[in-house]
Amino acid sequence: MYADVAVCLPLSRTFVYSVSGPIEVGSRVVVPFRKREVEGFVVGLQDAAPKVEALAIKEIIDKTPLLRPEIFKLCRWISEYYVSPLGEVLKGALPPGITAKHVERGAGGADRSSRRSGAEEADPAAPRPSLTFEQSKAFDTITNRHGFHPVLLHGITGSGKTEVYMRAAQHFLAAGKSSLILVPEIGLTPQLTDRFAARFPGQTAILHSSLTKRQRIDEWLRIYNGNAPIVIGTRSAVFAPLVDLGLIVVDEEHETSYKQEEVPRYNARDTAVMRAKVARAVAVLGSATPSMESFRNTETDKYHRVTLTKRVEDRPLPDVQIVNMREEYAAAGKQVIFSRTLLDAITTRLARSQQTMILLNRRGYAAFLLCRHCGFTFQCTACSVALTYHRTIEKLLCHYCGLARRPPVRCPECDSEYIHYVGEGTERLETELKELFPDVRIGRVDRDTMRHMRDFERVLGGFRSGEIDILVGTQMIAKGHDFPRVTLVGVLGADAPLALPDFRAAERTFQLLTQVAGRSGRGEEPGEVVVQSYFPDHYTFQLAVNQKFEDFYARESRYRKAMFYPPFTSLAGIMVTDRDPSRAAQMARDVGEFLDSMRSEAGRILGPAPAPLERLKRVHRHQLLIKSSSRATLHGMLEGLQAYGEERKMGATKIIIDVDPISLL
Ligand code: ADP
Ligand code: ZN
Ligand code: ZN
């Protein structure tokens, strides 16, 4: 017999090997390949001998395939849709280090986590509030049909989406079906995880990035063996081997962390919908600020839409003010970090023993260093970005490659001493606040202070218990947390993304502002939000302030349609990279010519042009975009390009294909 093998290498085609013993489609094998031995998956079997003589399979790693047929099918879809080599996709669908022996040993039943949560079963069941009218309607839409159907649950923050997810999971559990709940990041949404674990004691498995290899395999086995019918996990949990899947929830479906930015480049949200389709399950995408793509799918009736318009117990939405920072500049005669409005609001909270959160999406002390005499800026030597100044460690850091430099005392260009620190980060905010409010307890949450999950828990715990008065942080604090005593949220630098060459900038800004506003006033006291901006009249701010999602959608749609951007066209990004700048440029031109030769009515090609981040970790990057009104046309061009790249054996030069790209930097 002969097996068609997809090797775990960046190659789109498969290879035929001979086999002597019994083997199944989906089995993992080791095969000789170009003088090496590589891992691969059997993706087909045949009796007929191939035209060229086939080598023999060297070793069968898993006699019984670990990938359920459903997941195998899903991987095929990913491989095709995202133009990603099947062998690599299949490999990514399994936890590292697992083999069929683990399964045969029958492990994965009573491990520590299930024993621990099993003990909780003795506790009285967590209280279940009766659903509001809107929640009941959402629940009905999710549960009253059989088979596959996708639902977009559009509910403002605090409207009770999580409660709807739990009810739906309960419903399917009663019918003997399992549920998969995807979240953007476990650490950032601890409450959702805790609430599920409390509601379904002993039946949940949690898959996240800080598990050890062994823990991951154990959790995987519990799921595989049907001992954990409720699974909560991040992106890669979309491959969790649940038995009899009834429901997939994608919480905060608009989040960019669902997109994997390395091979295979899939979006777990869209993959989740496909998995639901393969499993004939229900897919629920939940968000207060749905992505343009998903909302568009409700307009074209691909997805059902249900809306939760009210906050639970009619808690009011916070009052949002936008402060014009140009006026602040005029009044102070210099650049200021905090507006008078925000400082007054903080002072009021402190007097009332209420809490404040201040959000700025930039870590470090100063964004960059500038010589005032000659204009020299301190750039990374490996990337085309400025170095960020970090004061605690007294270093200039590259946020892309980690390069660290001592900050200079004099300009290396002109030897002047007039080195100016431009643009503030969270570290600077913390310092300034300490000076302004010396007796106040301030906490900071960003990637510099949060080396471990426990740092994060410690600071957030301190904030929750009232040991911290003001919490400063990056977007890490923007979502998911429920702090009832926060009555003020300040947002700084919210307009920074609008300056980026990214067609999603307005959408991102709208989402951030809406999510942040949802953090304020979650308790009894009404909340207030102060947003500082240099472009206060931009429609994004006005619509976010008034929580006008549908108006924003309509407005943004006009721009996307006019510019032929998603969700009104299919988009793919192509990055051509090489360490040698002229080779990168030449290759990009060749790719451009090749694509032009395939171009049809339905496909538009932009570029090649240097990527906005032209150099990253010493690699030069050139970019092309393909926009097409037809998914099939786009797909055909990408497949052609993939074959072209493989044929020309790109060597050091690589062509990276990104279908439905999220970031164009
Ligand atoms: P979302 O996920 O939309 O932000 P949550 O599900 O977290 O909203 O609900 C917000 C708060 O309201 C939570 O504290 C939750 O326990 C509570 N809640 C949700 N549904 C109900 C309900 N039907 N009755 C009373 N409280 C509810
Ligand atoms: Zn200088
Ligand atoms: Zn760098």
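The values are calculated or read from the model by the stated rules, or taken from the named source; none is laboratory data. This structure is a prediction, so every number in the text was calculated from the model and none was measured. Virtual Cβ from ideal backbone geometry, glycine too; neighbours counted across all protein chains shown.
The residue pairs whose first member lies in the range 11-33 and is within 23 Å of Y82 (Cβ to Cβ), whose second member is surrounded by 15 or more Cβ atoms within 10 Å (Cβ to Cβ) and of a type in the set (F, W, Y), and whose beta carbons are closer than 7 Å, counting only pairs six or more residues apart or on different chains, are G26/F41; G26/F72; R28/F41. Can you confirm whether the range 138-157 contains a residue that is at pLDDT below 90 and in contact with a strand residue (DSSP E or B) (Cβ under 7 Å, 6 or more places away or on another chain)? Looking for residues that are at pLDDT below 90 and in contact with a strand residue (DSSP E or B) (Cβ under 7 Å, 6 or more places away or on another chain), one finds at least one in the range 138-157, hence yes.
Are any residues in the range 357-399 under 21 Å from D448 (Cα atoms), part of a strand (DSSP E or B) and not hydrophobic (A, V, I, L, M, F, W, C), and if so, which ones? Those that are under 21 Å from D448 (Cα atoms), part of a strand (DSSP E or B) and not hydrophobic (A, V, I, L, M, F, W, C): Q379, T388, Y389, H390, K395.
Quick one: F338 ticks every box in (1) more than 16 Å from ligand 2 (Cβ to nearest atom); (2) in contact (Cβ under 8 Å) with a residue 24 or more places away in the chain; (3) in contact with a Ser or Thr (Cβ under 9 Å, 6 or more places away or on another chain) except a single one, so which number is it? Among (1) more than 16 Å from ligand 2 (Cβ to nearest atom); (2) in contact (Cβ under 8 Å) with a residue 24 or more places away in the chain; (3) in contact with a Ser or Thr (Cβ under 9 Å, 6 or more places away or on another chain), F338 violates only (3). When the range 31-65 is filtered for residues that are buried (at least 18 other Cβ atoms within 10 Å of the Cβ) and touching a helix residue (DSSP H, G or I) at 6+ places or on another chain (Cβ under 6 Å), the ones remaining, listed by number, are G40, F41, D62.
Does the range 362-370 contain any residue that is away from ligand 2 (no atom under 16 Å from the Cβ), closer than 28 Å to G466 by Cα, crowded, with 20+ Cβ neighbours inside 10 Å and among the basic types (K, R)? Scanning the range 362-370 turns up at least one residue that is away from ligand 2 (no atom under 16 Å from the Cβ), closer than 28 Å to G466 by Cα, crowded, with 20+ Cβ neighbours inside 10 Å and among the basic types (K, R).
Of all the listed residues (T381, T377, T431), the sole one being among the hydroxyl-bearing types (S, T, Y), more than 28 Å from the chain's Cα centre (by Cα) and closer than 26 Å to G490 by Cα is T431. Against the definition (of a type in the set (D, E), modelled with pLDDT of 80 or more and closer than 29 Å to H635 by Cβ), how does E59 come out, yes or no? Criteria not met by E59. On inspection, T381 qualifies as surrounded by fewer than 18 Cβ atoms within 10 Å (Cβ to Cβ), more than 16 Å from ligand 1 (Cβ to nearest atom), of a type in the set (S, T, N, Q) and more than 30 Å from S353 (Cα to Cα).
I'd like to check something: does the range 418-430 contain any residue that is surrounded by 13 or more Cβ atoms within 10 Å (Cβ to Cβ), closer than 21 Å to Q335 by Cβ, near ligand 2 (Cβ under 10 Å from one of its atoms) and at pLDDT below 95? So far as the range 418-430 goes, yes, one or more of its residues are surrounded by 13 or more Cβ atoms within 10 Å (Cβ to Cβ), closer than 21 Å to Q335 by Cβ, near ligand 2 (Cβ under 10 Å from one of its atoms) and at pLDDT below 95. Step by step: first the residues of the range 279-303, then only those that are assigned to a loop (DSSP other than H, G, I, E, B), buried (at least 17 other Cβ atoms within 10 Å of the Cβ) and not aliphatic (A, V, I, L, M), then the one that is farthest from ligand 2 (Cβ to nearest atom). Which residue is that? By that ranking, first place goes to Y303. Counting only residues that are closer than 22 Å to E528 by Cα and in a helix (DSSP H, G or I), which one in the range 541-551 is modelled with the highest pLDDT? So, considering only residues that are closer than 22 Å to E528 by Cα and in a helix (DSSP H, G or I), the one modelled with the highest pLDDT is F549. Working only within the range 522-537, note down all residues that are part of a loop (DSSP other than H, G, I, E, B) and under 26 Å from the mean Cα position of the chain (by Cα). Passing the criteria: only R522. If only residues of the range 304-346 that are under 14 Å from V530 (Cβ atoms) and among the β-branched types (V, I, T) are counted, the one that is surrounded by the fewest Cβ atoms within 10 Å (Cβ to Cβ) is V336.
Of all residues in the range 161-216, those satisfying the criterion of being of a type in the set (V, I, T) and either in contact (Cβ under 8 Å) with a residue 24 or more places away in the chain or within 16 Å of ligand 3 (Cβ to nearest atom) (or both) are T162, V164, I181, V183, I186, T189, T193, T204, I206. Looking for something closer than 30 Å to R326 by Cβ, within 16 Å of ligand 2 (Cβ to nearest atom), surrounded by fewer than 18 Cβ atoms within 10 Å (Cβ to Cβ) and not polar (S, T, N, Q) - is there at least one such residue anywhere in the range 495-507? Taking every residue of the range 495-507 in turn, none turns out to be closer than 30 Å to R326 by Cβ, within 16 Å of ligand 2 (Cβ to nearest atom), surrounded by fewer than 18 Cβ atoms within 10 Å (Cβ to Cβ) and not polar (S, T, N, Q). Restricting the range 224-262 to residues that are among the polar types (S, T, N, Q) and over 12 Å from the mean Cα position of the chain (by Cα) leaves a set whose member that is surrounded by the most Cβ atoms within 10 Å (Cβ to Cβ) is N227. Scanning the range 543-591 for residues that are hydroxyl-bearing (S, T, Y) and closer than 26 Å to S84 by Cβ returns Y565, T569, S570, T577.
When Q379 is tested against (1) on the phi > 0 side of the Ramachandran plot; (2) within 16 Å of ligand 2 (Cβ to nearest atom), just one condition goes unmet, and that condition is (1). Looking at (1) part of a helix (DSSP H, G or I); (2) closer than 30 Å to R311 by Cβ; (3) charged (D, E, K, R), can you tell me which one R589 breaks? Tallying (1) part of a helix (DSSP H, G or I); (2) closer than 30 Å to R311 by Cβ; (3) charged (D, E, K, R), R589 fails exactly one: (2). Within the range 20-28, is even one residue of a type in the set (S, T, N, Q) and crowded, with 20+ Cβ neighbours inside 10 Å? Looking for residues that are of a type in the set (S, T, N, Q) and crowded, with 20+ Cβ neighbours inside 10 Å, one finds at least one in the range 20-28, hence yes. Scanning the range 521-530 for residues that are closer than 19 Å to T289 by Cα, at pLDDT below 70 and of a type outside the set (D, E, K, R) gives a single hit, G521.
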